[in-house]
Amino acid sequence: MTTKRTTITSPIGRLLLVGDERVLRGLYMLDGPKPPAADPAWIEDAAAFAAVSEQLEQFFAGERTDFDVDVELTGTPFQQRVWTALREIPYGQTISYGELARRIDQPSAVRAVGLANGRNPVSVIVPCHRVIGANGMLTGYGGGVERKRLLLDLEARAATPRLLDLG
C-alpha cells in the first residue's frame with residue numbers, strides 16, 4: 001500500500017496524519033517541540049483521512065469521547081502492551097506511569113513504560129496524554145506539557161455533566 005498523509009488544524013496545532021485507506025499509522029503534532037519530518041514519498045491525500053479528521057473535530061469540540069479508527073501501531077511487543085493499555089484508560093481520567101506499569105504486569109518497568117508512552121505513534125487517539133506523574137504533576141509529553149494540559153482540560157470539561165437550562 002502507498003503511504004498517504006495530510007495535515008489538519010486543531011486546537012493543539014497542526015496535526016500530521018499518516019496511513020492509507022485502511023489504517024492510521026501516525027498522528028503527530030507538527031507544532032510540538034520535536035515535530036516529525038514527513039517522508040517525501042508519502043502522497044498528500046486528505047480524502048483518505050476524512051473519517052479520522054471528522055472524529056478528531058468532534059473530539060476537540062467535546063462531542064466524542066472515543067474513536068472508531070483502525071490503527072496500526074508498529075513497535076516492540078512491550079510497546080504494544082503499553083499502547084493497548086493506554087486505550088483502556090477511560091475518557092476524562094488519568095493514571096500514573098506506575099499504575100500503567102502495574103496494568104501491564106510490569107510494576108518495576110515504570111521508566112520503560114514512560115519511554116513506550118513517549119513513542120506512541122498515534123497520539124490523541126491512543127491517549128498517552130492521560131498518563132501523569134505519581135504526584136499528579138504533568139510530566140513529559142511529545143507535544144509539550146501545555147498541549148497535554150489542554151487535552152486533559154478539554155476532556156474534563158466535556159466529561160462534566162451540564163445542567164439543562166429549562167428556561
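Go through the residues of the range 132-144 one by one and say whether even a single one is assigned to a helix (DSSP H, G or I), modelled with pLDDT under 95 and of a type outside the set (A, V, I, L, M). Let's see the steps before the verdict.
Quick first cut of the range 132-144, residues assigned to a helix (DSSP H, G or I) only: none.
Looking for residues that are assigned to a helix (DSSP H, G or I), modelled with pLDDT under 95 and of a type outside the set (A, V, I, L, M), one finds none in the range 132-144, hence no.
Name the helices (runs of 4 or more DSSP H) wholly inside the range 63-127 in which the number of residues that are out of contact with any helix residue (DSSP H, G or I) (no Cβ under 8 Å at 6 or more places or on another chain) and farther than 19 Å from Met137 by Cα is 3 or more.
Numbers: elements: 77-86, 97-103, 110-118.
Those helices (runs of 4 or more DSSP H) span 77-86.
Go through the range 108-124 and count every residue that is within 15 Å of Lys148 (Cα to Cα) and of a type in the set (A, V, I, L, M).
2
Arg25 passes all but one of (1) among the basic types (Lys, Arg); (2) assigned to a loop (DSSP other than H, G, I, E, B); (3) farther than 20 Å from Glu155 by Cβ; which number fails?
(2)
Give the residue that is surrounded by the fewest Cβ atoms within 10 Å (Cβ to Cβ), with candidates limited to residues of the range 102-129 that are of a type in the set (Gly, Ala, Ser) and under 24 Å from Arg25 (Cα atoms).
For the range 102-129, the residue satisfying everything is Gly118.
Taking into account only those residues within the range 134-144 that are farther than 20 Å from Tyr91 by Cβ and free of Cβ contacts under 8 Å to residues at least 60 places away in the same chain, which is surrounded by the most Cβ atoms within 10 Å (Cβ to Cβ)?
Gly140
The values are calculated or read from the model by the stated rules, or taken from the named source; none is laboratory data. Since this is a predicted model, take the numbers as computed values, not measurements. A quick note on method: Cβ atoms are made from the backbone with ideal geometry, for glycine too, and the neighbour counts reach across all protein chains shown.
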